[in-house]
Amino acid sequence: MLNNDNIIHDLFENIVLLTPDFSVISEGSIIKKLLSDYAVVIDTSAKIVYDKNNKPESLQNIFNEVVISGESRSFQFVQLNREFILFPFSRDNGKTIILGLKDKIVQITKIEHELKELVKELQCLYNVTKELESTKPFNQTLEICAEHLQLAFQFSQNIAANIEFGSTIYGKTDWQKEAVNDILTSELKCMGIRKGEIRVYSKDIYGFTDAEIQLVDEVAGKISRAIEKSEKEINLEKQQKILRNKNDALLKVTSECNKSREKLRTFFKAITDKIVVIDSDMNIIMSNKDNIGDSGKCYNKLFNLDEQCQDCPALITFDSSNDSYLERDFEERNLTLRTYPIFGEDGKVDRVLEVCRDITNEKIMESQLVQSYKLASLGKLVAGVAHEINNPNTFILGNLKIVQEAFDDIFPILDNYIIENPNLKIARLNYDIFKENISILVNDMITGANRTKKIVNDLRNFAKKDENGLTDNIDLNYIIRNNLTLTLKHIRKHAELEFELGDNIPVFIGNTQRIEQVLHNLILNAAEAIEPAEGIIKIKTYFDKKSNQVILTISDNGCGMDEVTKKNIFDPFFTTKRNKGGTGLGLSISYGVIKDHFGSIEVESKVGQGTKFTIKIPLLSVN
């Protein structure tokens, strides 16, 4: 359109600027030379332009007419076959008359028009851009853009522009289609999809210029990009809304997971067994006990060892991918260690779950249960054996008494007989030896028979159920203070007695005689286990409100027991005092008595440190 960089300079070199009183303001060099070459003179002093063939007055009249009418006039100098033009030009609140070659002025005027049109197009693009970047509603923006587009055309009064978007048309729509001579269109596209169209209708017969076509395409491009941006923003808002909803849902799920995890951790920590998760190097990854934590070696934290356990079940689980089990003793406690495989994504065992359980009490209960079964079985056996032994033993005792009485009657007769028969022998023994020893033999047999009778009675007491049942109100402290006087006096000869009898020990329903028998057995056993004048026997009672049990402990600092002895002390006929006449029934009977009272009896003992018996009797029925 405008490709001459020297257009302004060329303009001023081809015109003469005159004031309304015909004074020359400026005179271009080209027009001056042209006029001079053809003897056209501008006499600034006479304020006329003349040549040899034209009268000055006629040119002056044309000049005056232009000044007065304000309209342009064209004319020719005779000797120049070129048309000149005079026209007024407003400048600095005054008027200036311009004289110049008509073809040059027309060219300059055309350039001025093109510049104005270019400014209109640029202004249109600026306004459209500004509107599209505003925060107005999009439908309102399109309406305004259609108005800006219509004003950008050189004959806007003959133009109708509108924008179709979706099902709505924005802009001028009241034109009569029959008056339209040309239509200019440009599609609105978003991501290659048609969204609408810009349409420009013209009544002018000359159609649209290339610049106008380019302008419409440029505006369509801007609106298309705005639509795309808007839809992206809408999609972005939708995605953001979806993400917010998902985030809220995720936060909710996370919160619920945290609550569930806390509940699971609470349950996990509440498990009394020690539970750890370890890796293949025996490092603890997680545990349910604060004193173990989530670090360190499992063998150190569980068993206080510096080296890996022998026959470690975790190694077996890592190698075999199966559960494993180990039972071991640790610090006088019975422990079990179970291991379970945890598989990784590759299907191999990468971690192991270890469960360490203290089964000491279970072992004790199991031992007591076995003891109960033994006693139940032995009770039936002992009842029969005691009966079978008791019958012949009764005959023996009766006959021995007759034999003893017979010898008492025979010896005086034999004493007289031996005077006359000094060589008398009885059972191949001289009479004096026979007489001296036969009484001893008979007495020993009677003693043995009585001892057998006592054993049989103990067996019968062990086997039979108490006929009187549990009907007494038993005050344990009262029995210790008053009913064991003789036993305690006997014990004081061998050991010091210490009492720690609790206050307000409640009474419980039981059998007083049988409870006394238990106390008598345990106290005598304690006395026999200590050295004379060096022993201490401590008797303690108290009430455990939590378990609702009366507790009795009898402890000594005697020789103690090894593990084998401790496991068998409640077995019938098991005794370490057989050479002292022990039958092995005292603790068995005591065990049965406490079981009949729905209680338990436990023993703790270490070799060289002493023994402690603990009896627990529940208050199942209290007056």
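Which one is modelled with the lowest pLDDT among residues in the stretch 306-318 that are crowded, with 17+ Cβ neighbours inside 10 Å and either under 15 Å from Arg328 (Cα atoms) or acidic (Asp, Glu) (or both)? Taking the candidates together, the pick is Cys309. Can you confirm whether the stretch 190-206 contains a residue that is in contact with an Asp or Glu (Cβ under 9 Å, 6 or more places away or on another chain) and in contact (Cβ under 8 Å) with a residue 60 or more places away in the chain? Scanning the stretch 190-206 turns up no residue that is in contact with an Asp or Glu (Cβ under 9 Å, 6 or more places away or on another chain) and in contact (Cβ under 8 Å) with a residue 60 or more places away in the chain. Pairing each residue of the stretch 410-425 that is under 19 Å from Ser439 (Cα atoms) with any residue that is surrounded by 13 or more Cβ atoms within 10 Å (Cβ to Cβ) and β-branched (Val, Ile, Thr), provided the two are 6+ apart or on different chains, yields C-beta distances under 7 Å for Leu424/Ile418.
Among the residues of the stretch 513-536, at least one is open to solvent by 10 Å² or more (accessible area, probe 1.4 Å), at positive phi and not in a helix (DSSP H, G or I). The requirement of being basic (Lys, Arg) and without any contact (Cβ under 8 Å) to a residue 24 or more places away in the chain is fulfilled nowhere in the stretch 508-517; no residue meets it.
If you go through the stretch 187-201 and pick out every residue that is open to solvent by less than 10 Å² (accessible area, probe 1.4 Å) and over 16 Å from Gln150 (Cα atoms), you end up with 3. Can you pull out the residues in the stretch 537-568 that are within 20 Å of Lys595 (Cβ to Cβ), of a type in the set (Ser, Thr, Tyr) and open to solvent by 30 Å² or more (accessible area, probe 1.4 Å)? Passing the criteria: only Ser547. Within the stretch 202-238, the set of residues being outside any helix (DSSP H, G or I), of a type outside the set (Gly, Ala, Ser) and surrounded by 14 or more Cβ atoms within 10 Å (Cβ to Cβ) comprises Lys203, Asp204, Phe208, Thr209.
Please enumerate the residues belonging to the stretch 341-360 that are open to solvent by 80 Å² or more (accessible area, probe 1.4 Å), more than 13 Å from Thr272 (Cβ to Cβ) and not hydrophobic (A, V, I, L, M, F, W, C). Listed by number, the residues that qualify are Glu345, Asp346, Lys348, Arg351. Among the residues of the stretch 276-305, the ones that are open to solvent by less than 50 Å² (accessible area, probe 1.4 Å), touching a Phe, Trp or Tyr at 6+ places or on another chain (Cβ under 7 Å) and either among the hydrophobic types (A, V, I, L, M, F, W, C) or touching a residue at least 24 places away in the same chain (Cβ under 8 Å) (or both) come to 2 in all.
Against the definition (surrounded by fewer than 12 Cβ atoms within 10 Å (Cβ to Cβ), within 30 Å of Ser588 (Cα to Cα) and at pLDDT 80 or above), how does Pro392 come out, yes or no? Taking the combined requirement at face value, the residue satisfies it.
For the stretch 251-356, the strands (runs of 3 or more DSSP E) that sit wholly inside it and include 3 or more residues that are closer than 30 Å to Met561 by Cα are 324-330, 333-343.
In the set (1) at pLDDT below 85; (2) assigned to a helix (DSSP H, G or I); (3) more than 24 Å from Ile589 (Cβ to Cβ); (4) open to solvent by 70 Å² or more (accessible area, probe 1.4 Å), Leu414 fails one condition alone, (4).
For the stretch 1-59, the set of residues classified as open to solvent by 30 Å² or more (accessible area, probe 1.4 Å), of a type in the set (Gly, Ala, Ser) and modelled with pLDDT of 80 or more consists of Ser26, Ser29, listed by residue number. Of all residues in the stretch 604-621, those being outside any loop (DSSP other than H, G, I, E, B) and either in contact with a Pro (Cβ under 7 Å, 6 or more places away or on another chain) or of a type in the set (Gly, Ala, Ser) (or both) number 2. Identification of strands (runs of 3 or more DSSP E) wholly contained in the stretch 65-175 with 3 or more residues that are surrounded by 13 or more Cβ atoms within 10 Å (Cβ to Cβ) and among the hydrophobic types (A, V, I, L, M, F, W, C) yields 83-91, 94-101, 159-165.
Selection of the stretch 129-146 for residues being in contact with an Asp or Glu (Cβ under 9 Å, 6 or more places away or on another chain) and aliphatic (A, V, I, L, M) yields Leu142, Ile144.
The values are calculated or read from the model by the stated rules, or taken from the named source; none is laboratory data. What you are looking at is a predicted structure, and each value in this text was computed from that prediction instead of being measured. Glycine also receives a Cβ, built like all others from the backbone with ideal geometry; neighbour counts cover every protein chain displayed. Remember, those area values only see protein heavy atoms, side chains included, never the ligands or the DNA or RNA. Shrake-Rupley method; radii C 1.70, N 1.55, O 1.52, S 1.80 Å.
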